[in-house]
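See structure below.
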Amino acid sequence: RLYSSEVEAVETQAEDGAVPTTELTNFADLSQLGVHRNLLDAVIKDMRYDTMTPVQSKTINPALKGTDIVAQAKTGTGKTLAFLLPLLQRMIEEDPSLASRRASRSARSDDIRGIVLSPTRELAEQIAEEARRLTKHTGLVVQSAVGGTHKGSMLRQTQRQGCHLLVATPGRLYDLLQDPSSGIEAPNLAAMVLDEADRMLDVGFEKELAEITRCLPSRDEKIRQTMLVSATIPNDVIRLARTMVRADDFEFVQTIS
Ligand code: ADP
Ligand code: MG
């Protein structure tokens, strides 16, 4: 276990100085907030986590409400679960039939509800793997789209199985969105995550990120949630956050540990 039951000191700065959100420490407490049993079973019974890490306990509650998030926490502090759990829960809330594995569904091109962007292929595959473990007892389908893999077989698999959550590198996603024959579009996109935003900019994905945002449904038509997650928040990440996150309504989560 990473953390003992006493959650270490955490510091949240709400941009508007708003009332601090209730802090939850155990995954089991999330059932009170309506988080589906099938997701919690994966976390508590399969993954055997009971206590949230500080970034999880600060992020999950506001993220469940659809608030935009900018979260800074060190590597290895459990940021993946902090964004995946609320993302998946919100997908189930939008379409409760997806909570069950037996959900009889046919793959549709407008299935994509969430996109997670990651700077490298390895990290993207790790996130997809964690998302597949989390969705094991649900009808949610996770696909990954990364460079260096066969595009055609990825697309065939997506056409066959559908895709609710797409985990991608910016280069590959940009490529797919540019190609009308890919069938990859996300008219019902509800949430977008930029994981490791600092590394994404280091790798030089700024242009792809801007293009991807341009191709996806605009914020005005769809109330899309954005979560930006990073180990460090240098100036270029602040600039990126300004273009991606609702300026007047976001939660800045910063953990010391
Ligand atoms: P980060 O993205 O912040 O670098 P990860 O999400 O990759 O961190 O998590 C680091 C490790 O901690 C992973 O092996 C993950 O499975 C584990 N982990 C995440 N949350 C918890 C938790 N609440 N309790 C115990 N282990 C956890
Ligand atoms: Mg990470």
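Assign one of three labels to region 22-147, namely rounded, prolate or oblate, based on the Cα gyration tensor with a ≥ b ≥ c the square roots of its eigenvalues; rounded applies when a/c is under 1.5, prolate when it is not and a/b is larger than b/c, and oblate otherwise. All intermediate terms of the calculation are to be shown ahead of the outcome.
Values: a/c = 1.57, a/b = 1.15, b/c = 1.37.
Oblate, since a/c reaches 1.5 and b/c is not below a/b.
Cα-Cα pairs above 23 Å in region 96-183: how many percent?
Numbers: 700 of 3828 pairs.
When all Cα pairs of region 96-183 are counted, 18 percent exceed 23 Å.
Just subtract the alpha-carbon distance of ASN26 and HIS150 from 0.36 nm times their residue separation and send over the number in nm, one decimal. Could the numbers behind the result be given before it?
Working: separation 124, 0.36 × 124 = 44.64 nm, distance 4.05 nm.
Here the segment from ASN26 to HIS150 would lengthen by 40.6 nm.
Taking the alpha-carbon distance from LYS65 and a cut-off under 18 Å, which lysines remain once sequence neighbours fewer than 8 residues away in the same chain are dropped?
Straight-distance partners of LYS65: LYS79, LYS222.
Per-residue ellipticity at 222 nm for the chain, helices alone: DSSP H runs ≥ 4 residues times -39500 (n - 2.57), over residue total, nearest 500 deg cm²/dmol?
Values: 9 runs with 92 residues, N = 257.
Roughly -10500 deg cm²/dmol at 222 nm, from the helical runs in the chain.
Can you find, among GLY148, PHE205, LEU84, the residue farthest towards the positive end of the dipole of the chain? Put +1 on the C-beta of Lys and Arg, -1 on that of Asp and Glu.
The residue sitting farthest along the positive end of the dipole is GLY148.
Sticking with the crude label model, points 7 Å out along Cα→Cβ, report the distance from VAL203 to LYS45 in nm, one decimal please.
Using points 7 Å along Cα→Cβ, the separation is 3.5 nm.
May I ask which residue of GLN72, ALA231, ILE127 lies farthest towards the positive end of the charge dipole of the chain, with charges of +1 (Lys, Arg) and -1 (Asp, Glu) on Cβ and the Cα centre as origin?
Checked the options; the winner is ILE127.
Determine the share of the chain's accessible area contributed by carbon and sulfur atoms, expressed in whole percent, with a 1.4 angstrom probe. The partial results should precede the final answer.
On the way: 5620 of 11960 Å².
The C+S portion of the solvent-accessible surface of the chain is 47 percent.
Label-point separation (nm) for ILE238 and ARG133, each offset 7 Å from Cα along Cα-to-Cβ?
Placing both labels 7 Å beyond Cα along the Cβ direction yields 3.6 nm.
Quick check for me: using +1 on Lys/Arg Cβ and -1 on Asp/Glu Cβ, what's the dipole size of the chain about its Cα centre, in debye to the nearest 20?
Numbers: 31 positive and 36 negative charges, 211 e Å.
With Lys and Arg at +1 and Asp and Glu at -1, about 1020 debye.
Given an 8 Å cut-off on Cα distances and at least 6 residues of separation, report the relative contact order of region 154-257 as a percent.
30
Accessible area per residue for the chain in Å², computed with a 1.4 Å probe and the full protein assembly in place, what is it?
Working: 11960 Å² over 257 residues.
With all protein chains present, the chain gives 47 Å² per residue.
Just the number, please: percent antiparallel of the DSSP beta bridges in the chain, rounded to the nearest 5.
Numbers: 6 of 31 bridges.
Given both bridge residues lie in the chain, the antiparallel proportion sits at roughly 20 percent.
With a ≥ b ≥ c the root eigenvalues of the C-alpha gyration tensor of the chain, is it rounded (a/c under 1.5), prolate (a/b larger than b/c) or oblate? The partial results should precede the final answer.
Working: a/c = 1.61, a/b = 1.19, b/c = 1.36.
Oblate.
Under unit Cβ charges (Lys, Arg +1; Asp, Glu -1), what dipole magnitude, rounded to 20 debye, does region 123-257 have relative to its Cα centre?
The calculation lands at about 460 debye.
Ignoring everything but the protein chains, give the 1.4 Å probe accessible area of ILE92 in square angstrom, nearest 10.
10
The values are calculated or read from the model by the stated rules, or taken from the named source; none is laboratory data. This structure is a prediction, so every number in the text was calculated from the model and none was measured. Using ideal geometry, Cβ is built from the backbone for each residue, glycine included, and neighbour counts are taken over all protein chains shown. Protein only, heavy atoms only, side chains kept; ligands, DNA and RNA dropped before computing areas. Shrake-Rupley method; radii C 1.70, N 1.55, O 1.52, S 1.80 Å.
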